Amino acid sequence: MMGTTQGFTVAIDGPAASGKGTISKAVAEYFGFAHLDTGLLYRAVGAKVLLGVEPEAAAKALVPADLEGEGLRGAQVAQEASKVAALPEVRAALVDFQRSFAARAGGAVLDGRDIGTVICPDAQVKLYVVADAVVRARRRFAELTGKGSETSFEEVLADVQARDERDMGRADAPLKPAADAVEIDTSQMSISDAVAAAVALIEAKRAMLS
C-alpha cells in the first residue's frame, strides 16, 4: 500500500460488468484511498422502491447502513436500480452524498456511470472502463450461476443490453466517457492487467502533480 494523498479523486465510469467495480476496489486498496461503489446507492434506492417507498423519498432518506447486505446484488434490484437512476430527482438527491465522499481527506475512488462527467468533473484521474456486451454478459452469467441463480445466458445478455440502453439513453446524466477520460477496454484483459493499467495511469498523474 502507498501513502495517502489529500483531496485526490479518481473517477471510474463504465457499463455493467465491465470490471470497473473490481478495478476500483483494487486501486483504492493499492493507494490507501476510500472507495465508493455509487451503483450501490441506486441499488439501495431500488430495493426501497420494491418495498413500496417513493423513489425520491427513498433517495433522500438513504444512510450508509442501507448500502450493506447481499440483497442489493440481486437481478431484480439491479433492474429497479437502473430505472430509478434514470429519474432526475433521484440523481439530484444523491449528488451531495457522492461529492462529500469524493472530497474526503486521504483520497477517494468513486465508480459509477456519471462520476467523471457530473459528480466529479474536476477529478484528477478519470477512467472509462468498457468491454464487449457479450463478454460482460458471460461474466455476469458466471457470477449469478455461481451464486445459485437460475437464469440463462440469453436472459443475462438481454438484461445487460437493456441496462446499457437505459443508462446511455437517459436524458439526465447519461453514461458516457468524460472528454478527458482514459479508456480501458477489459474485453481481452485479465483482472490483474486491467488493475495494473489503472494503477499506472494514476501513478503517472500523481507524479505530474507532485
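Mind listing whichever residues of region 150-206 are surrounded by fewer than 13 Cβ atoms within 10 Å (Cβ to Cβ) and more than 22 Å from A78 (Cα to Cα)?
Within region 150-206, A179, D180, E183, Q188, S190, I191, S192, D193, A200, A204 meet the criteria.
Kindly establish whether A158 is over 17 Å from the mean Cα position of the chain (by Cα) and modelled with pLDDT of 95 or more.
yes
When the residues of region 16-29 are narrowed to those that are of a type outside the set (G, A, S) and crowded, with 20+ Cβ neighbours inside 10 Å, which ends up farthest from M168 (Cα to Cα)?
V27
Being assigned to a loop (DSSP other than H, G, I, E, B), under 16 Å from the mean Cα position of the chain (by Cα) and not hydrophobic (A, V, I, L, M, F, W, C) is the requirement here; does K126 meet it?
no
Can you name every residue in region 162-179 that is among the basic types (K, R) and at pLDDT 95 or above?
K176
Kindly indicate which of L41, L36 is within 22 Å of E89 (Cα to Cα) and not in a helix (DSSP H, G or I).
Answer to the selection: L36.
Provide a single number: the residues in region 70-82 that are within 17 Å of the chain's Cα centre (by Cα) and surrounded by fewer than 17 Cβ atoms within 10 Å (Cβ to Cβ).
The qualifying residues number 4.
Which count do you get for residues in region 74-117 that are touching a helix residue (DSSP H, G or I) at 6+ places or on another chain (Cβ under 9 Å), over 23 Å from V10 (Cβ atoms) and part of a helix (DSSP H, G or I)?
13
When you go through (1) farther than 26 Å from T186 by Cβ; (2) exposed (fewer than 15 other Cβ atoms within 10 Å of the Cβ); (3) at pLDDT 95 or above one by one for G32, which number turns out not to apply?
G32 satisfies all of (1) farther than 26 Å from T186 by Cβ; (2) exposed (fewer than 15 other Cβ atoms within 10 Å of the Cβ); (3) at pLDDT 95 or above except (1).
Take the conditions under 18 Å from V195 (Cβ atoms), under 12 Å from the mean Cα position of the chain (by Cα) and among the aliphatic types (A, V, I, L, M) and apply them to V27. Does it pass?
no
Quick one: is A58 part of a helix (DSSP H, G or I), of a type in the set (A, V, I, L, M) and either touching a residue at least 12 places away in the same chain (Cβ under 8 Å) or in contact with a helix residue (DSSP H, G or I) (Cβ under 8 Å, 6 or more places away or on another chain) (or both)?
yes
Modelled with pLDDT under 95 and of a type outside the set (A, V, I, L, M, F, W, C): does that describe D132?
So D132 fails the test.
Please pick out the residue among R73, R91 that is modelled with pLDDT of 90 or more and not aliphatic (A, V, I, L, M).
Testing whether each residue is modelled with pLDDT of 90 or more and not aliphatic (A, V, I, L, M) leaves just R91.
Got at least one residue in region 113-120 being over 14 Å from the mean Cα position of the chain (by Cα), at negative phi and touching a residue at least 60 places away in the same chain (Cβ under 8 Å)?
No: region 113-120 contains no residue that is over 14 Å from the mean Cα position of the chain (by Cα), at negative phi and touching a residue at least 60 places away in the same chain (Cβ under 8 Å).
The values are calculated or read from the model by the stated rules, or taken from the named source; none is laboratory data. In this text the structure is predicted, and so the values were computed from the model without any measurement. Cβ: placed from backbone, ideal geometry, glycine included. Neighbour counts: every protein chain shown.
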